[in-house]
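Inspection log for the structure reproduced underneath, given as structure tokens.
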Amino acid sequence: MPDQARRPLVAANWKMQKTRAEARAFAGSFVDGAAELDAIDVVLCPPATALAELGGTVSTTAIEVAAQNMHEAESGAFTGELSAAMLVEAGAWGVVLGHSERRQLFGETDAALAAKVPAALAAGLVPILCVGETEAERDAEATNAVLARQIEADLAGVDPGALGPLVVAYEPIWAIGTGRNATPKQAQDAIAHIRGELAKHDPEAAAGIRILYGGSVKPANAAEIMQEPDVDGALVGGASLDPEDFLEICKAAQRAAGGR
Ligand code: PEP
């Protein structure tokens with residue numbers, strides 16, 4: 001039985017897609033339908049250039065905006081990077097950290113995440129920490145070990161007691177952008193395992209931390225995945241670019257929330 005404190009959350013990760021004008025157009029098509037989503041939280045993660053404007057556009061709704069990356073330092077000679085304070089100033093509610101594309105394409109390390117997660121929390125940003133295994137690791141039955149290692153390393157800089165606002169996204173790398181989603185049982189098993197690992201860090205907080213599933217979530221598969229007891233919502237890439245598809249996924253989360 002899921003914890004009632006874990007209000008479902010559906011987040012749209014637009015990656016390097018949508019100009020400010022396109023983000024505005026998305027909001028124009030999405031917000032009316034989203035008004036009925038009173039049992040879930042909805043977060044849009046646009047490119048940094050659209051963050052402030054999109055945040056302003058949805059400011060009269062319950063929708064929040066989040067960034068896709070952040071540097072751990074307060075300021076300094078880090079060309080191209082953005083600090084937590086800059087994201088807060090731009091209106092961000094949270095920040096996606098450790099997405100597999102950042103880990104694989106841009107060399108994001110667990111050591112950097114161990115600094116980024118507490119820096120985000122200290123600034124009042126909700127970290128949406130992404131973890132997940134490669135296909136080879138799953139085939140080698142190393143999924144649980146990989147998830148345990150990532151959770152331990154990425155949260156190493158967070159004081160027990162400070163973990164409460166954290167959101168985790170279980171994103172098996174083989175499911176991201178491939179059209180091949182994890183089965184509901186695979187998602188449930190991995191997320192339950194992650195919750196157990198979080199409990200080693202902070203037993204009290206772990207029961208209330210929202211853990212999302214991400215990886216080829218679509219309107220057609222959202223409901224069955226989000227019915228699983230430990231799945232507290234979804235982080236959606238490709239299908240979040242279309243306001244109608246994303247609304248359908250949010251509605252599936254809203255219906256699943258009704259069953260909780
Ligand atoms: C993602 O990039 O976080 C993601 C889950 O992408 P997709 O939904 O396209 O698999």
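The values are calculated or read from the model by the stated rules, or taken from the named source; none is laboratory data. Just so you know, these numbers come straight off a predicted model, no measurement behind them. We place every Cβ from the backbone using ideal geometry, glycine too, and count neighbours over all the protein chains shown. We work out accessible area using only protein heavy atoms, side chains counted, and drop any ligands, DNA or RNA first. Shrake-Rupley method; radii C 1.70, N 1.55, O 1.52, S 1.80 Å.
Data for the structure
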| read-out | value |
| --- | --- |
| Any hit, segment 196-213, residues being on the phi > 0 side of the Ramachandran plot and modelled with pLDDT of 95 or more | no |
| Residues satisfying the stated conditions in segment 200-240, i.e. of a type in the set (A, V, I, L, M, F, W, C) and either more than 11 Å from the ligand (Cβ to nearest atom) or open to solvent by 50 Å² or more (accessible area, probe 1.4 Å) (or both) | Ala205, Ala206, Ala207, Ile209, Ile211, Ala220, Ala223, Ile225, Met226, Val231 |
| Hey, Ala187 within 28 Å of Ala25 (Cα to Cα), surrounded by 24 or more Cβ atoms within 10 Å (Cβ to Cβ), in contact with a strand residue (DSSP E or B) (Cβ under 9 Å, 6 or more places away or on another chain) and at pLDDT 95 or above or not | no |
| All positions within segment 155-178 that are closer than 21 Å to Leu105 by Cβ, part of a loop (DSSP other than H, G, I, E, B) and at pLDDT 95 or above | Glu171, Pro172, Ile176, Thr178 |
| Filtered residue count, segment 241-251, keeping only those that are in contact (Cβ under 8 Å) with a residue 24 or more places away in the chain, more than 10 Å from the ligand (Cβ to nearest atom) and closer than 17 Å to Asn13 by Cα | 7 |
| Segment 63-109, residues that are among the acidic types (Asp, Glu) and in contact with a Lys or Arg (Cβ under 8 Å, 6 or more places away or on another chain) | Glu72, Glu101, Glu108 |
| Qualifying positions in segment 92-125 - within 16 Å of the ligand (Cβ to nearest atom), among the hydrophobic types (A, V, I, L, M, F, W, C) and open to solvent by 20 Å² or more (accessible area, probe 1.4 Å) | Leu105, Phe106 |
| Flag if Val88 is among the β-branched types (Val, Ile, Thr), on the phi < 0 side of the Ramachandran plot and buried (at least 23 other Cβ atoms within 10 Å of the Cβ) | no |
| Qualifying residue in segment 115-136 (condition: of a type in the set (A, V, I, L, M, F, W, C), touching a His at 6+ places or on another chain (Cβ under 8 Å) and within 23 Å of Val231 (Cβ to Cβ)) | yes |
| Residue satisfying all of: in segment 175-184; of a type outside the set (Gly, Ala, Ser), over 15 Å from Val231 (Cβ atoms) and surrounded by fewer than 20 Cβ atoms within 10 Å (Cβ to Cβ); farthest from the ligand (Cβ to nearest atom) among these | Arg180 |
| Segment 126-169: number of residues that are open to solvent by less than 60 Å² (accessible area, probe 1.4 Å), more than 19 Å from the chain's Cα centre (by Cα) and among the acidic types (Asp, Glu) | 1 |
